[in-house]
Structures are given as C-alpha cells and as structure tokens.
1. Give me log10 I(q)/I(0) at q = 0.12 Å⁻¹ for chain A, Debye formula, one equal scatterer per alpha-carbon, no solvent.
2. Just to be sure I understand: with springs between alpha-carbon atoms less than 10 Å apart, which residue in A:Ala151, A:Ala169, A:Ala48 has the highest mean-square fluctuation in the Gaussian network model of chain A?
3. Restricting to Cα pairs below 8 Å that are 6+ residues apart, what does the relative contact order work out to for chain A? Please round to a whole percent.
4. What ranking do B:197-206, B:157-166 get when scored by the average of other Cβ atoms within 10 Å per residue, highest first?
5. Quick check: Cα centre of the stretch A:69-105 to Cα centre of the stretch B:183-254, how many Å?
6. Return the subset of B:Lys142/B:Lys168; B:Lys142/B:Lys272; A:Lys45/B:Lys168; A:Lys45/A:Lys171 for which the Cα-Cα distance in this structure is over 28 Å, preserving the input order.
7. Zone of B:Arg86 (label point 7 Å along Cα→Cβ, backbone N under 14 Å): which residues in the stretch B:186-208?
8. Which whole-number percent gives the relative contact order of the stretch B:2-286, counting Cα pairs below 8 Å spaced six or more residues apart?
Amino acid sequence: MAPAPVLELDSVTGGYGETEILHGVSLAVKAGEIVAIIGPNGAGKSTALKAVFGLLSLSRGQVRLDGADITNTAPEQVVRRGVCYVPQSENIFPTLTVQENLEMGAYVRRDDFRPRLHEVYELLPELAERRRQRAGTLSGGQRQMVAIGKALMLEPKILLLDEPTAGLAPKFRHEIFQTIQGINRSGTPVLMVEQNARFALTIADRGYVLVDGSNRIDDSGPGLLANREVAQMFLGGGWADG
Amino acid sequence: MIEFLNFHLIPGVVLGSIYALGAIGVSLTFGILRFANFAHGETMTLGAYFTLTLILVTGWHPLAVLPAAMALTASVVLGIDRLFYRPLRQSPVIILLIASFGMMLMVRSVIQFGWGVQLRSLRPGMIQQPYVLFDTLRISPKHVLIIASALVLMVLMHLLLTRTRIGKAMRAMADSPELARLTGIETEKVILVTWIVGACLATAAGVFLALDTHIETLMGFKVLLPLFASAILGGIGSAYGAMVGGLVIGVAEELSTYPWIGEGPLLAPGYKAGVAFAIMVAMLILRPSGLFRGRVF
C-alpha cells in the first residue's frame, strides 16, 4: 500500500459561521509534490487553505495530516504539528527586522533554531543581506521572501502558500516561483493557491481546479495546461460550452 | 535662560519621564489587547499607594520598596484581567473599552475607601538642597532620582523588547495579533507579560509623580489624558514611540508656561493640560499613525 499523503482533504464542507463556501472539496498532497489550486475568483481557493489551517469551521469531511485527523484543529495547534501557512497579505511583522521575523517563525521550536536560520539565509540570500532591516521597509517581493522564510524556520511537513505572487512585478514573480521550486527540491511539499494559473501549473506536479467551492478538474500540471476548458477559463473564455 | 532651564526645561523632562513610563503601558495594551485602557491612570495611583503603605511599614526609601509595590500592583492587574477582561477577550473592543472605564471607577473607589481621600506626601518632612551645576543649573535630588530611574527602566524595557523571545513576541503581536496566532505565538502568555510590564512601569510612574508632587486618589486620572496623548503621538503599539511621546508632551506642557512673548507666561498654568489635548487632536488629524509607526530606528 502506498504511504498516506502528507496532506489530504476529504470532501471538506464548511465556511464562516452560517455561510458555506466549500461544498465538498477533496485534494491530496504527496511527499515531494508541488500542488496548485487554481480557479476563478470566489471559487474558494484560499478558503480551502484556511480549512487546513483551522481558520474556518468544517461541518463535514476530514482534513488529514500524515493520515492523522486534524479537522477543526486551532491554528496555533496546526502550526505545532508542522503545517506552515503564509497568508496572502499581512504575512510579516512590519516593525520587526527581517531576522526577528524569522525568529518569530521559529517561535514554537524548543531546540536551537540557529542552524536552521543559517540554512534559510542560504536558501534566500537576499534576506541575509537585509537581516537587520525592518521588514516593513522592504519591497513587495522581498516581503514575500520574508514571509516564506519565516514559514521555513519550522522545517514544516508542508507549506501552504496563498497567492504568493499577488501584486508582484513579473521579475519578482519569477523569483518567487524559483524560490518555491528550490524549497520543494529540498524536500518540502508545497500546496499553493495562485492567480497566475499558467505559471503555477508550469511548476506544479498536480493541480486542482475549484469552481464554486467544489472540485471541477483534477489533473497533472502539464495535463491541466493542455486542457481546453482550463485554457478557455484562464484566457478569458466563457463557460458556454463548459 | 536660567529660569527657562530650572523652572521649565528640567521640570518638563521630569514630567516627561513620568508620562513616558505611564504611556508605555497604555500603548502596549492598546497595541496588543486592542483597547484603550482607561483604568491605567488608576494603576499608577494604586502603585503609588502600595508604595506609601510599604514605606510606612518598613521605613525604607521609596526606590527600595518599589519592586515589592510593582509586584503587588501587577498581581492586582492580573486578577482584574482574569476576572473582567479575559471573559470579554472575544467581544468587540468597545465593550472592553467601556469595561475599563468601569474598572477605573471601581479601582479609584477602592483606593479612596482603603486609604482615604486626603492629600499626602510620600516622604513627609523631607526638604532637599538642590544640586547646583555650573553655578546656575539647580536640580533637586528627587528630580535626578526620577530621571535616572526612568532612564534605567526604559533601557530595561528596550532590552526586554529586543533581546528576549517574549519581548519580540510582544512587538510581533502589537504589529498583527492575527499573524501572531498563525505563527504559533502563545497570545495569552504575551497578554500576561504585557499586563505585568504595564503595571510595573505604571507603579514607577505613580511613585515618581508622587515624589515630584504629592499622593492623592485622583493623581492617576489627572494624567490619563497626557498618557493617551503621549501614546498617540508616538504611535499606538510602539513602546519607543510612547517614550518619545511622553517626553515631548511633558516638556511641551512645561514650556507652554514660559514667557516666550512679553512678560507673563505664554499660557496660564491652568491651561497646561490643554497642551497635551491640543497635541493629541492635531496628531489624530494630521498623522493618526503617530511618529514612530513603521519607522526605522
């Protein structure tokens, strides 16, 4: 039998209070994978990530981490179990320095985090040069690097990224994607939500297209890129024949 | 010039140091718990009265009993948090704000009930010769003591905020409580430390204010407005902002009575308190984020 996926969402249903946003989303991230969630605005992509992180109440379905049930576990506990989540905005502490942000990322670690700090600086050399600079004074792309670096401090079992390139110039977008690939190569599975679907699918092993809070299409990255419906959707085509 | 230094600038720095210590607590509570704590002035008063009692019991110097008074005040503040604020943690902040207003009245009443309402001196019968520097500068020993102690406390505060894990977590939470939670920071522990630090500094501020003038049950309430003005001037949530804000407000209040134009004071001393208010209103209109929000030090 194949080992359990690192992360698994099984027919997850839920939302905020009375409003149901996810109507049964299923997805899985296996060891070593980059998985992208794409779909139109309001499809529940970011909400699916928040569901993993215990930020909304799930009425049905299950979230499993390494096969263990973590459905509706509070965020502070989910972090301790090795899941790191980088929100789309407000993902750094602006008045703290770059290094202090990374130290906060290691807050739940009980051991000496300095070797890991060294590794993160090696992975993101741009941050090493600016370790004493206040994170709030950095450019958008650099802030995103800090946010990702902060999450890496925990050596997470899986990294959840919500729109890591939102609002970034193409140059930085490219840089962030390269960084994500680098992180993945060093052994961390990544689940990301991305507006720039084409870019995301080029680096993703597999992708899920969500529409209206449900799975629409599941396929490999290249498979989705070649899919006519997906192409239409992200080239601005209508749903007339969908 | 001599009058300016001895009667305006030095008293301004003394008052400013006191405001700075008090404002740190206001600013941190505002930044981390997200509500304006109206009872902070009463925390100062309570700290001063605990000190008074400890002095009467032991006969020691105010600075010697200060740590014990800080511990007593911090325990009371933690008890108040546990009983009143913690159950309201998930409520809208306006509820906490009003709760703190009620707490202000309750604490003050308890102080008046316990210690009486008459004006008292923290160190009765003590008249000290001022130090004279360069033949002109006269500074009384108690003012030296206040400024030096305030400086020491502010340096300790700086070390806490920049050198310790919990201090950095406090700054992180003042930046963004939501992200702090997602990062796994123990928010309740940060809140606990915030109350303790705020109460200790408020006790020091109350004692220094009592040393400078006298001790009475409304002393904390009377400086509440300058404390808020200092916190807002510096930028809510920034301890450093509160330090600078406090000094600026204290000095500005004292300088407002200097005869800048003509013979008499620019502002009648009775209007001194208006200076803090004017600065606060101007700041809220022109730069609501304060001087230090998101700035590089």
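1. -0.66
2. Looking only at A:Ala151, A:Ala169, A:Ala48, the largest GNM fluctuation is found for A:Ala169.
3. The normalised contact order for chain A reaches 26 percent.
4. Descending packing order for the listed peptides: B:197-206, B:157-166.
5. Taking the Cα centre of each part, the stretch A:69-105 and the stretch B:183-254 sit 30 Å apart.
6. Pairs exceeding 28 Å: B:Lys142/B:Lys168; A:Lys45/B:Lys168.
7. Taking a point 7 Å out along Cα→Cβ of B:Arg86, the residues of the stretch B:186-208 whose backbone N falls under 14 Å are B:187-196.
8. About 38 percent, as a whole number.
No value in this document is a laboratory result; all are computed from the given coordinates. Here the structure is a predicted model, which is why all the values come from computation and not from measurement. Cβ sites come from the backbone with ideal geometry, for glycine too, and all protein chains shown count toward neighbours.
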